[in-house]
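A short worksheet on the structure shown next.
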Amino acid sequence: MGRVVKQQREAAGFSLRMLATRSGISPSMISDIERGTKSPTVTTVVRLAQALGVSAAALIDGGTGPTPRIRVLRGGEGAGGDDPAPWESLNPTTPGSRIDFVRYQIPPATTLGPAAAHALGTIEHMHVAAGTVRVTVGDETAELSAGDSCSCRTDAPHGVENPDPSVEALIYLIVERGDLAR
């Protein structure tokens, strides 16, 4: 079972510390389980499985159980939030994924943010599909028009503004989260 825990952890892109934080199990215990020097309790197996986003059976039976390989997000399922701009997540929730793909419709004369700094190493890739936006990260600002794209290191306070008083802006954003264990 230790081999399967390690495979699932690595597939999710988790360090031992990250899995420990998510599961509430010490990194040394997880390491011992992965090396086969300790056997986990049922409670530990369940906590590890939940943190990894797999079934406990998948950890116990060596991953041959019915763990899905494809995760689908149907149209309209990702909409929500309390932001002043309607947003829609375009990617399904995948345990351990460090990528979010989001569509924002920003009403005229609307500012999103400032948002708090993300984890060190986080990068947001933005494409402006319609309208114009002003992107601010820390003390840097960029003006973007339809067809423009940018990548921003958002481990500093940041925000996006639609300065146009009459036209909605549409942006697509890919958030590549940094290392949460730092």
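Considering only residues in the stretch 140-182 that are under 19 Å from ARG98 (Cα atoms), of a type in the set (A, V, I, L, M) and part of a loop (DSSP other than H, G, I, E, B), the one that is modelled with the lowest pLDDT turns out to be ALA181.
Could you tell me whether GLU124 is exposed (fewer than 15 other Cβ atoms within 10 Å of the Cβ) and assigned by TED's automatic domain parsing to the domain that holds PRO107? Spelling it out, it is not the case that GLU124 is exposed (fewer than 15 other Cβ atoms within 10 Å of the Cβ) and assigned by TED's automatic domain parsing to the domain that holds PRO107.
State all residues of the stretch 137-159 that are over 21 Å from the mean Cα position of the chain (by Cα) and of a type in the set (Val, Ile, Thr); if no residue qualifies, say none. Selection gives THR141 alone. Of the helices (runs of 4 or more DSSP H) lying entirely inside the stretch 1-76, those containing at least 1 residues that are at pLDDT 85 or above, over 30 Å from TYR104 (Cα atoms) and among the β-branched types (Val, Ile, Thr) are 2-12, 16-23, 27-35, 42-52.
The values are calculated or read from the model by the stated rules, or taken from the named source; none is laboratory data. Remember, predicted model here, so these are calculated numbers, not experimental data. Counting neighbours? That spans all protein chains shown, and the Cβs are built from the backbone with ideal geometry, glycine included.
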